[in-house]
Amino acid sequence: MSNKEVKAALKSAREAINNKEFKEVLKHCKAVLKLEKNNYNAWVFIGKAASELEQPDQSQAAYKKAVELEPEQLLAWQGLANLYENTDQWDFKDELPNVYQKLVELYARTDKNKSYDMIKKLSDIYLSDREYLKQLAKVWLQLVQLKEEDGAEKKELVQLLQTMTQLLSDCITENEKQDNETQQHLITAFEKAMTLTEPMPGEEHRKLSADFIKYLSKLPHEEVKMKEACRSMLSVYPNQSYPLEVLCSHFLKTSNVDDDAVSCFSRLLELVPNSGLGHLGLGTKALLEGRYKEAVDDLKTSSAGGWYSLAEAQFKIHRYSDSAASSSQGRFMASNKLLRLKLEALVRTEGELAADQALETFSQVICLLHDPKAVKDPVLLALKGRAHLNKGQLDQTLKVENLASNPSLPQGLTLRGLAHLAEGQLQLAEQSFLQAAKQTPDSGECFFLLGKLYWDMGSETRKDRSKTHTHLLKAAKLDPHLGCAFRYLGHYYREVANDSARAQGCYRKAFQLNSDDAESGAASVDLSMGQGDMESAMATLESVIEKATPGSAKWAWMRRGLYHLKVGEHQQAISDLQAALRADPEDWVCWECLGEAYLNRRSFTAALKSFGKAHQLHPGSIYSVYQAAAIKQTLGKFKEAVDEYLQITTQQDYVPALKGLGECQLSLAKSLMEDCRDGGAIDLIQQAIHNLYRAVQLRPDLSCLWKLLGDACTAVRVVSPNRAQVEVPTLLTGFDSSKQDHRLNQTETLKAGERCYAHALKLMPEVASLWYDLGFNYYHQATISPSDQHQDCPPLNLQKAQQCLKKAIQMDSENHTYWNALGVISMSKGLESYGLAQHCFIKSIQVEPNNVVAWTNLGTLYLKKDNIELAHEAFKIAQSLEPLYVNCWIGQALIAERVGSYDTMDLFRHTTELCTHMEGVKGYAYWVCSTLLDKTNRDSELYRYNIVQMNAVSAAHVALCKYTERIQSDPDAFIMLGYLNEHLQLKRQALQAYRRAVELLKSTSSSDLLVFSLGGYARALCNSGQWEEAVQVFNSTPLQDLTELVGLALAYCRAGLFPESISAYERALAVTSNEKEKAYILTALALLQHRMGNLDSAKTLLFKCSVLKEPISESLLCLCALGLVHSDATLAAAALTELLKQGSASGGVVEQRCLLTCSLLALQGNYSAVQREASRAVHSNPGNASLWALLSRVIPQYYPRKARGGAVAGHIACLFSMTQGKRALLYSGVNQVAYGKHTGEDPHRNAFKTLQKAVVLCPDDPATWAGLMAACHTENTACYLSGSPPHRQSLEHTLMSVVSEKGMERPLAQALEGWVLQQAVLGLRQQGQLEQAEALCMQVLSVSPEHPAVLLSLTQVQCQRLLLTEGGTVLPEQVLEQLNKAVLMNPTNLGAWHWLAEVYRNQGLLVQAVMAYRQSLQLALQLGAHSFQVASLLRLALLALGPCMAGVPGNDWKDLVMEATTEVLKLGSSPMALLFQALLQYVNKMTARETRRLLERLVYVSSDDTPVTVVQVASWYLLRLLHAKNDQELINVSKRPPRPYGATLLLYLMYIRAVMVSIFVFLQVLLQHAKTTGNQRLLELHSQLTSSSS
């Protein structure tokens, strides 16, 4: 083939490539190769086609053939590069860099940009594999060279060089080794980049320089070049710290701390003060030079690499705990050297915890060494032994191995000495320490241990200068950082040498060496304070406190707090002491100091708590208890303070506690005397005298104790003379007696006080207050004991008092109290120097203008001189100064009394409200009694305000009781007290008061007052039931006054002397002054005539009263009551009509009228109107508790169907008034019994609970016990009806005995006892205890043989026993007659008639039973007993229903059922009556529609008042009715919970239950018959009923 054919074939191949027909390309190329084997293009086209046909090996072979043919041609190389790039074969990837390298060379000649691209691709390949770093460096340098040849800009070249350096630097780590050629390439790149970088200096140049230095720092062999680069950068950038940091790091790594290194360290710290490298370098330098404290300061702020150096420096200055902590921080180094250092530091650190850590570290050291010989290292073993010794394990210490084999080893000797020291063998310890010191003469520790040993051996060795002092001094010289050596030197200089200056220097040096040495710091501060150098002491404390963390530096906080406490800065002292307590909350001394600071700041509550805490921590501290007592005394808690003081004084005679105890007891006595509790006050005064005398015996030189003794003795001046009997130590009395104590009266006790004041003045004669106290003592002696001197001569004691006060004023003329006291003494009776008194009061006011006492005394002086206006002004000023000062109010009240003001009583009342002042009390009592004696002012506004609204009687009574308790010689006060007691119904107290007044007045000449008191005394005797004595007292009076005659007549009447009483009333009638008085006496005479049985005379007298000009309502009340008592309704109605005409009534009159009206309605038989009348009265007066109680009382008797409302009325009465509530509680309980409110219905509010409360409130009232008995019977009956066992059995006899023991007037007592007996017998019968019931009846009959109620009960019991023993046989006629007679003996006993009817029914005598029921019904109608009417009618209906259901022919019984039930329904709703009518209809017409309607009405329309038994019986008969009619839709009767039974049903429901039981028995027989005969319908009905009930 020709050359033309080759070209055509190649052209066809190229077209095929363009058309992507690669197989055709192969054909054409093969044809060319046949002609021309070395055709370059053909091999290239084959490579391309094979590549596209995914034949990489053939393609590679073709390209390589082409390359061999023409190596400098691009086309084959490009194809080969594409093939390697697109084919994922590892051998292709390995050859790709060579292809790229060839392309770089070829492109460099023709196309520089493509050459750059190839270089980048080649760089990426080399960068992915770090084995080609050398080639990578060459490639980048080649790129830079090409750029440089191409004339690129410097900026672009710098960027390329920076990129190259960054790539290569990132690829190089410290652990990787680079070949020297690569390192040189990179260094060349850095240098060339730095040369080309502009501007210089500049940010890019600075950063590039830093990177260059960083790279050089990784090359150890380039140290010189690194230092040159750092210096070069520092010359250009002197403020940059990086080159210095690199240099410092290099110096530290090479342990080079020469001057050049120190210069770098210092220069770095100048630039970066917190640089860790700089501090580490300087610290290392200081450590090497022995400047350990500076080393510690620098190394603490250094980097993490300096932990060992820091621990070593701390160890050198004996900060062992810090050294151990630093060693622990550097534990990541885990070097043997560091662990050994930690072990030594822990061994020298005190504490069991550090010892445990030391043993653990010892184990770590042994494990780290991996050398069996290390276990026997004597140094390590010595450290281990010291660790055991620190734990107190002496046996382990002595067992340490290898020490015995090295007896001369210093560590072993030291350890052995410490062990001997721990065992107390001081001599052996001394020998060991001496040997150790001999072996190591440069060891400060050995000499310190010797010096400390000598110090601890006692005073002799301490004083031996050659021992303690010499060794401690040598230890300090050998080890200047051993602070404990300086501390003990300070002890030596302070305690032995008495050289405070040297001691201060040693302590200060020890504290400087170890700021945690609290003992040295405290000693240094104490010495500074002792020398008066407060500035130095406070500077030390401030420096410690500034560095202290919360909860530390207790000694510094406490001392600074004590300093502030001393200088009076209490708040700062409190803050410091609180900080000290945070460090040690159990320090009782600090708590006491804090309490003292609080006390000085007047924070008493906080101080009290602090001292309490101190006492809790240290119970033996008397100071804490004393301060707590003193604080309570300051706060006025005298009782608590006395208890605290007694805790001290019972243990020991502590004078301050005895003094405080006496003061508190005296203060308590004064407070009791203010309340007129003089007996308790005298006891406290006596105790105070004895306690203060104990203190005086211990410290007779203390004037304050004698002064307090004088105060205690003088305090008896206030109480009554007969109470002021005080036992005083004999030495104070002035008597010569062998007795330890002597009982003194009031005057003698004041004399003893005089002696005490005189003794105090001997000790301190220049104290003005003592002269004042002595003067007042003389004054009280003069006022209590009248002088026997001539009346024209002033009393001696008053003169002495005046002289003493003048002496006090001479010493202190600016004390207003002294001037006031002199004025009081000067105006006293006996001196009466009014001019001097006025001068003194005015002078006192001038000294102290706000002097309420002086103004009041000045007003009293003016009032005594009858200068009312000036007195009023003085009192008014005193009131404005102190409104609570009672004396100025008394003065105003006296002025108001003198001028006749209406405000007098109000002013006196105000004085009693302020406090108990004798003058104010008597004045108020006088005005209250005067107002009460004036009968004409009852309706005035002044009376209602002063007496009623202000509760004057009670207030005056309380105040006057206090007055008479203290002043027992004032007859006027006792007369007023008796009158007030009489007004308050305090009979016994009134009698005692009047008796005392009579006793006092018999020795006086006041006849009128004696007559008045005798009259009151006689009235009190009458009120107390002492009638004969009252008659005698009345007869001792002149009997000229109406009240005396009337009182005598009343006393005769109460004594049973009716003729004498009538005679006295007739004498009184003759001295009456008006018609009203005459009407009252005539009424009394009428009552006496009625009492004597003269009814007509009584009526005549009462009628005579009604025709007087001034009739009184009392006579009409008596006339109405007379008609009611004698059942004269006409007379009662007429009198009541006249009474109601007198107009509206209020208070108790309303209740009287309502009671009379109700009684009249009951007498007329209008029982329902009784309840309406009481209800109307309550609605008209809803606030009257008596009317509510009356309503509750009448309802159960006259209208029991409203018993629920009656219970509510009684409850309201209880809420309104406690007085009425006691009785109303009984009425409420009776109402609850009436409507069946028992515990089964309400366990909290029921009749039993209510009557229990009534018994508690009124235990002497037999009616309440009877009511409780009824409630118990109700509870038992309810239990029987519900089928549960009764809970209150066997109480009948006990309750009956209680009722019999309570006194009650006849004939009510007989009636109540009969009722109680019947109740007891009924209860025993109900329980089946017939023998006990019969025995009870016989016991009562032995006392009252003719008691009809007892006879009836006995007959009932005997009849029941007869029926039970005879098996229910017919009773003989004689027995029936006896039963009838027993009932006739109790004609008003409705229950007896019911019982008799029941007996007749059981005997089959139905006609007699009907007659008995009719008799009970008639009796119930007469008595108006509604419940018994209903019971009688229902029993009669039930009796008649029996023959009807039995099928007895005739209509008589049927008519009787309808008649009885109809009457019941007329009286009210009754489910039982409806049931009887329904059963009667069932018997007559079973299938009638009316029968079903009546039964369904009871079953479905039943209310809550319908008994469950009625519903059940009605349901049963309704089911029978439906069953008979073959009605398949039977009624599903749901069970209902049983409801309580009313009291009206309790009597006959038991009987109905018995009837129902018989009906159920009949049904059981019927069911048995159905089973026998096979009656499936009846059996099916029974099964349905059973399922429905379940």
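The values are calculated or read from the model by the stated rules, or taken from the named source; none is laboratory data. Here the structure is a predicted model, which is why all the values come from computation and not from measurement. Virtual Cβ from ideal backbone geometry, glycine too; neighbours counted across all protein chains shown. Heads up: the accessible areas ignore ligands, DNA and RNA and are worked out on the full protein's heavy atoms, side chains in. Shrake-Rupley method; radii C 1.70, N 1.55, O 1.52, S 1.80 Å.
Between Thr1137 and Val1508, take the C-beta separation as r, use R0 = 56 Å, and let me know the FRET efficiency to the nearest 0.05. Please list the in-between numbers first.
Working: r = 50 Å, r/R0 = 0.90.
It comes out at approximately 0.65.
Taking all protein chains in place and a 1.4 Å probe, what share, in percent, of the accessible surface of region 1001-1158 do carbon and sulfur account for?
On the way: 4240 of 7950 Å².
Summing carbon and sulfur atoms, their accessible area is 53 percent of the total for region 1001-1158.
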In Å and from the alpha-carbon atoms only, list the Rg and Dmax of region 1022-1158.
-> 15.8, 46
Starting from the Cα of Asn19, step 7 Å along the direction of its Cβ; do the same at Glu52; then give the gap between the two resulting points in nm.
-> 1.1
Distance-filtered residues of region 508-535 - backbone nitrogen under 18 Å, label point 7 angstrom along Val567 Cα→Cβ | 525-535
For Cys367 and Lys253, what does the FRET efficiency come to when R0 = 35 Å and r is the distance between their Cβ atoms, rounded to the nearest 0.05?
-> 0.75
Treating the beta-carbon of each Lys and Arg as +1 and of each Asp and Glu as -1, no other charges, what is the dipole magnitude of region 935-1087 about its Cα centre, to the nearest 20 debye?
-> 360
Taking 0.36 nm per residue of separation between Arg1067 and Leu428 and subtracting their Cα-Cα distance, the length gained on full extension comes to 217.7 nm
Taking the simple approach of a point 7 Å from Cα along Cα-to-Cβ for both Ile622 and Glu495, what is their distance in nm?
-> 2.8
Dipole moment magnitude, nearest 20 debye, region 915-1012 about Cα centre, only Lys, Arg, Asp, Glu C-beta charged = 320
For a label point 7 Å along the Cα-to-beta-carbon line of Lys639, residues of region 670-698 with backbone N under 20 Å = 670-688
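Would you check region 955-1096 for Lys pairs whose C-alpha atoms are within less than 30 Å, ignoring same-chain pairs closer than 8 in sequence, and give me the count? Numbers along the way, then the final one.
Values: Lys962/Lys987; Lys962/Lys1002; Lys987/Lys1002; Lys987/Lys1076; Lys987/Lys1078.
The number of close lysine pairs in region 955-1096 is 5.
Residue separation times 0.36 nm, minus the C-alpha to C-alpha distance between Arg988 and Asp812: what's the value? Kindly include the intermediate steps, with their values, before the conclusion.
Values: separation 176, 0.36 × 176 = 63.36 nm, distance 5.54 nm.
Additional length available on full extension: 57.8 nm.
Over 19 Å between C-alpha atoms is what I'm after, so list which of Lys337/Lys477; Lys452/Lys474; Lys293/Lys477; Lys807/Lys843; Lys20/Lys65 land there. All intermediate terms of the calculation are to be shown ahead of the outcome.
Numbers: Lys337/Lys477 28 Å; Lys452/Lys474 12 Å; Lys293/Lys477 17 Å; Lys807/Lys843 16 Å; Lys20/Lys65 23 Å.
Among Lys337/Lys477; Lys452/Lys474; Lys293/Lys477; Lys807/Lys843; Lys20/Lys65, the Cα-Cα distance tops 19 Å for Lys337/Lys477; Lys20/Lys65.
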Loop trypsin sites (Lys or Arg not before Pro), region 1045-1150 (other Cβ atoms within 10 Å of the site Cβ: 13 or fewer; DSSP) | Lys1109, Lys1141
Multiply the residue separation of Lys829 and Glu882 by 0.36 nm, subtract the distance between their alpha-carbon atoms, and state the gained length in nm to one decimal.
-> 16.3 nm
What figure in square angstrom, to the nearest 10, would you give for the accessible area of Arg988 with a 1.4 Å probe?
-> 150
Starting from the Cα of Leu1364, step 7 Å along the direction of its Cβ; do the same at Thr650; then give the gap between the two resulting points in nm.
-> 6.5
How large is the charge dipole for region 1027-1070, taken about the Cα centre, if only the Cβ atoms of Lys, Arg (+1) and Asp, Glu (-1) carry charge, to the nearest 20 debye?
-> 80
Computed FRET value (nearest 0.05) for Gln1164 with Lys1485, which takes r as the C-beta separation and R₀ as 41 Å | 0.40
